[in-house]
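We did not get these values from a lab; they are worked out from the coordinates using the rules stated. Remember, it's a predicted structure, so these values are computed and weren't measured experimentally. A quick note on method: Cβ atoms are made from the backbone with ideal geometry, for glycine too, and the neighbour counts reach across all protein chains shown.
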């Protein structure tokens, strides 16, 4: 009888110990899972997307001062930027400054600003619905600029309030300067959506 009672005690204790072992195992897996999720997030942020904050009015009305946008860093992995894409590019690597502008001129094209309007290869760019104001400053584009391989001419949508390829300190943008395509506005929530 005493032996039976001892056996019963062992049977009662044993499942609790097994449960403790299982709980420790579950905690270890949960920690590993959390570490993997964190690493995945870091990889996505580093290689796939980047958050950028618009500073200034140069891209109005498309983007406003203070807007937060996600930049797709993989968008130009297999193909180059297209005309009218909104891109983020390195302006000054030493300070970490980036600019956000719209692609207007593509590699191999000749860009010139005449009487406040953009001309591509001698033809007025009529499909540009983003920069509605006639430009008061042509800058270096007063003379024809022929873009080389991997070179792009960019303008802000708010043309008369934008420091862009018309200015010598910005100039033409090289493909290796381009971080990616501005893809999604995430803040403010009232303006959440893709960037056209």
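What the table shows:
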quantity	calculated
Gained length - residue 65 relative to residue 30, 0.36 nm times residue gap less alpha-carbon distance	8.5 nm
Full-stretch length increase - residue 109, residue 196 - with 0.36 nm per residue and alpha-carbon distance subtracted	29.0 nm
Residue 132-residue 176 FRET efficiency (beta carbon distance; Förster radius 30 Å; 0.05 resolution)	0.45
